[in-house]
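Reviewing the structure listed below.
The values are calculated or read from the model by the stated rules, or taken from the named source; none is laboratory data. This one's a predicted model, so the numbers in the text were calculated from it and none came from an experiment. Note that we place each Cβ from the backbone using ideal geometry, even for glycine, and neighbour counts take in every protein chain shown. Quick note on the areas: whole protein, heavy atoms, side chains included, nothing else; ligands and nucleic acids left out. Shrake-Rupley method; radii C 1.70, N 1.55, O 1.52, S 1.80 Å.
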Amino acid sequence: MNGYNFAYLDEQTKRMIRRALLKAVAIPGHQVPFGSREMPLPYGWGTGGIQVTASVLGADDTLKVIDQGADDTTNAVSIRRFFARTAGVATTTDTEQATIIQTRHRIPEKKLREDQIIVYQVPQPEPLFKLESSRAETRRMHALAEYGAMHVRLYEDITRFGQVAISYDYPVMVGGRFLMAPSPIPAFDNPKMHMMPALQLFGAGREKRIYAIPPYTEVRSLDFEDHPFRTTRAPHRCALCNADNSYLDEVVTDDRGGRMFVCSDTDHCETRQEAGHAGTGEALVREAPVGSAARGGGMKP
Amino acid sequence: MTDETLLSARDLSLHFGKIPALVGVDADLWPGEVLAVVGESGSGKTTLLNVLSGRMRADAGAVWYRDPARRLHDVHAMPAPALRALHRSDWGFVHQNPRDNLRMAVSAGGNVGERLMAAGNRHYGNIRAEAIDWLTQVEIDADRVDDMPRTFSGGMLQRLQIARTLVTHPRLVFMDEPTGGLDVSVQARLLDLIRSLVARLNIAVVLVTHDLAVARLLAHRIMVMQRGVVVETGLTDQVLDDPQHAYTQLLVSSVLQA
Ligand SMILES: Nc1ncnc2c1ncn2[C@@H]1O[C@H](COP(=O)(O)OP(=O)(O)O)[C@@H](O)[C@H]1O
Ligand SMILES: [Mg+2]
């Protein structure tokens, strides 16, 4: 292994992280502090997720790494290579083949199974952080399940915009007890977390927090009875695979405002194309001025 | 008043170093009653309010609260979650400076609705309707419901704080100099409002004020404090018209001179 311990981290560190993970699984949605280690990657590159992955990875595992839904971005490729080199594990881009999926910003479209683990990279684990800057106070709010302030935020959004204006990292209640930040996945992906058969693990490297959702746990997006949580997606079909229910990215195709909507989950899209689904392959010509919306669903991170 | 008390304190003592902030203080409050705590600055009024409401611990003594099911609770022995829940629902606290209580970056409606949401109300339309109703009750125009508190005058901010506090229909409200820092004309209007709300909703109030005129207008009973000691207590009119203790006589006469 080129002088590294298996999966880079020493065994003692992995044991420490596994203890934190066990505690996190035992208290779904609760943030557990852990002694985050320096990794040979800068924060923001998923050091928290990498440490979690390193701690649960076995020699027989097959690893998939996605970034914004894609397997081929620099970030995804370097993390995959990192583990191929330091742990010698098989890697894949195929969601079905993977036993561990490390992700940033998306949950695969393909329904995950009981024998899979999904590891989320988390920049900010504290869902109350915009409302309350004191860590001691947010800990108290979680301990006492005092989440009125979060609903005030939703109330304000509905008052101002007619709807909740949170399109990424939309807060959820886990197991009816803990308010949790799902990491910057689109709100479109939130329902996938609910009763997911796969184990969901979350690692925040810079903030030194780990949390988890065990399989088949209730995960509810915060809402009001008369303004129920709704997912939104761009009202288009994927130009490549014709999917009408996947999360779409808007891709600019030329400098004259041409654009194309394609699946953000590249593996999902390719699998569908291999199965014979085909989109128009054509770019739409933008009527609105260039630069108004950059991502699928008209949402920005 | 033969009914059971809502709040009772016995033999409260608290020193800040050598300063006696509370010395052997007893207090009783009955449902629907307004009790004023008066005395000059530094006499221990705010400290008493904080100890009665469980926000601060005494060195000695006990505070008992009777819940709607008539169970007695030792306020200082209550688990923190239960005490915080009490402060969010059955109790309220009105601060002298409304900015200490309000969320200045949240609309008036959001401020009033917060306690409802904390109590589990999850219907936006109902919360908003309730907020508007309460704004009207504190004489703030319904069309200000979406405005930010920073656009409100001092008197409006204090009325907004009162609406935010009363929205859960608390049975007991602690008020610390609620009209302090306001212009005299604004004070008068606010006092009238507090008096009518408290009477109509049958809320018990512990009211801290250094202003005997405020106590006269709002309180059924009065406690006079001097250097942490309650020197005199009784019906407001009796105490103010016929003060027995020398310190009370001094207070009353200095008011008459003013
Ligand atoms: N936190 C504190 N630390 C030290 N001394 C205090 C503290 N709070 C109040 N005191 C002192 O206790 C006495 C009573 O204060 P306080 O209850 O605020 O009086 P009042 O509200 O009647 O003006 C004063 O002498 C005050 O300086
Ligand atoms: Mg005071």
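What nm distance separates the two modelled labels at A:THR280 and A:ALA145, each placed 7 Å from Cα along Cα→Cβ?
Taking the two extended label points, one gets 5.0 nm.
Which residues in the stretch A:201-232 have a backbone N closer than 11 Å to a point placed 7 Å from the Cα of A:HIS194 along the Cα-to-Cβ line?
Those under the cut-off are A:218-223, A:229-231.
Once you keep just the Cα pairs under 8 angstrom separated by 6 or more residues, what percentage relative contact order results for chain A?
Details: 618 pairs, mean separation 58.2, N = 301.
That works out to 19 percent.
How would you order B:105-113, B:190-198, B:72-80 from highest to lowest mean count of nearby Cβ atoms within 10 Å?
Details: B:105-113: 24.8, B:190-198: 17.8, B:72-80: 13.8.
The most tightly packed comes first, giving B:105-113, B:190-198, B:72-80.
Looking at the square roots a ≥ b ≥ c of the eigenvalues of the Cα gyration tensor of the protein assembly as shown, which shape do they give, rounded for a/c under 1.5, prolate if a/b is larger than b/c, or oblate?
prolate
Rounded, prolate or oblate for the stretch A:66-221? Axes are the square roots of the Cα gyration tensor eigenvalues, ordered a ≥ b ≥ c, and the cut-off for rounded is a/c under 1.5. Mind dumping the intermediate values first?
Numbers: a/c = 1.92, a/b = 1.80, b/c = 1.07.
In terms of gyration-tensor shape, prolate.
Return the calculated 222 nm mean residue ellipticity for the protein assembly as shown, to the nearest 500 deg cm²/dmol, obtained by summing -39500 (n - 2.57) across DSSP H runs with n ≥ 4 and dividing by the residue count. Display every interim value, and only then the final one.
Numbers: 16 runs with 174 residues, N = 559.
Computed ellipticity for the protein assembly as shown at 222 nm equals -9500 deg cm²/dmol.
What does the net charge come to around B:LEU218 if you take all other residues with beta carbon closer than 13 Å to its beta carbon, with K and R at +1 and D and E at -1? Please list the in-between numbers first.
Numbers: positive: B:ARG195, B:ARG216, B:ARG221; negative: B:GLU33, B:GLU177, B:ASP192, B:ASP211, B:ASP237.
Surrounding charge for B:LEU218 is -2.
Taking all pairs of different Cα atoms in the stretch B:141-258, averaging 1/r and flipping that mean, what Kirkwood radius in angstroms comes out?
On the way: mean 1/r = 0.0632 Å⁻¹.
About 15.8 Å, per the Kirkwood formula over Cα pairs.
Can you compute the label reach from A:ASP94? Point 7 Å from Cα along the Cβ direction, backbone N cut-off under 19 Å, restricted to the stretch A:267-281.
Within reach of a label on A:ASP94, which here means backbone N under 19 Å from a point 7 Å along Cα→Cβ, the stretch A:267-281 contributes A:267-277.
May I ask you to rank A:HIS30, A:HIS151 by accessible area, largest first, using a 1.4 Å probe over the protein chains only? Can you show the working numbers first?
Values: A:HIS30 55, A:HIS151 10 Å².
Descending accessible area places them as A:HIS30, A:HIS151.
Can you work out the Karplus-derived ³J(HN,Hα) for every residue in the stretch B:101-115? Use 6.51 cos²θ - 1.76 cosθ + 1.60 with θ = phi - 60°, whole Hz, and x for glycine or proline.
Taking θ as phi minus 60°, the curve returns 10, 6, 8, 6, 9, 10, 4, 4, x, x, 4, 6, x, 4, 5 Hz for the stretch B:101-115.
Can you pull the mean other chain C-beta count within 10 Å for peptide A:153-166? Walk me through the intermediate numbers first.
Numbers: counts 2, 4, 12, 8, 0, 5, 10, 3, 0, 0, 0, 0, 0, 0.
Average neighbour count from other chains, rounded to a whole number: 3.
So, R0 is 22 Å and r is the distance between the beta-carbons of B:GLU40 and B:ARG195; what FRET efficiency does that work out to, to 0.05?
Numbers: r = 24 Å, r/R0 = 1.09.
The formula returns an efficiency of 0.35 here.
Give me the distance in nm between label points sitting 7 Å out from Cα along the Cα-to-Cβ direction at B:HIS169 and B:SER254, one decimal.
4.3
Excluding B:LEU14 itself, what net charge comes from residues whose Cβ is under 13 Å from its Cβ, given Lys and Arg +1 and Asp and Glu -1?
On the way: positive: B:LYS18, B:LYS45, B:ARG55, B:ARG57, B:ARG227; negative: B:ASP11, B:ASP59.
Neighbourhood net charge equals +3.
Using just the alpha carbons, could you tell me how many Å³ per residue the convex hull of chain A encloses? Intermediate values should be presented prior to the final figure.
On the way: hull volume 43.3 nm³, N = 301.
Once divided by residue count, the hull of chain A is 144 Å³.
Build a GNM of chain A with springs between Cα atoms under 10 Å: which of A:PRO40, A:PRO123, A:PRO215 gets the top mean-square fluctuation?
Residue with maximal mean-square fluctuation among A:PRO40, A:PRO123, A:PRO215: A:PRO40.
Could you work out the relative contact order of the stretch A:1-102, using alpha carbon pairs under 8 angstrom and six or more residues apart, expressed as a whole percent? Could the numbers behind the result be given before it?
Numbers: 123 pairs, mean separation 32.3, N = 102.
Normalised by residue count, the contact order of the stretch A:1-102 is 32 percent.
Tell me the label-point distance for the pair A:THR232, B:ASP183, using the 7 Å Cα-to-Cβ offset, in nm and rounded to one decimal.
4.4
Can you give the FRET efficiency to the nearest 0.05 for B:ASP74 and A:GLU270, using r as the Cβ-Cβ distance and R₀ = 56 Å? Spell out each step's value before the answer.
On the way: r = 67 Å, r/R0 = 1.19.
That gives a FRET efficiency of 0.25.
Quick check: net charge around A:ASP267, other residues with Cβ under 12 Å of its Cβ, Lys/Arg +1 and Asp/Glu -1?
Working: positive: A:LYS64, A:ARG106, A:LYS110, A:ARG272; negative: A:ASP71, A:ASP72, A:ASP94, A:GLU96, A:GLU109, A:ASP265, A:GLU270, A:GLU274.
Taking every Cβ under 12 Å from that of A:ASP267, the sum is -4.
Go ahead and set up a Gaussian network model of chain B, Cα springs under 10 Å, then flag whichever of B:LEU217, B:LEU157, B:LEU52 fluctuates most.
Of the options given, B:LEU217 has the highest mean-square fluctuation.
Under a Cβ-only charge scheme (Lys and Arg +1, Asp and Glu -1), can you give me the dipole magnitude of the stretch B:111-258 about the Cα centre, in debye to the nearest 20?
Here the size comes out at about 400 debye.
I need the phi-derived Karplus couplings for the stretch A:194-203: 6.51 cos²θ - 1.76 cosθ + 1.60, θ = phi - 60°, integer Hz, Gly and Pro marked x.
5, 6, 5, x, 7, 6, 10, 10, 10, x
Over the Cα atoms of the stretch B:80-197, what radius of gyration and what Dmax do you get, in Å?
Both quantities, over Cα of the stretch B:80-197: 13.4, 40 Å.
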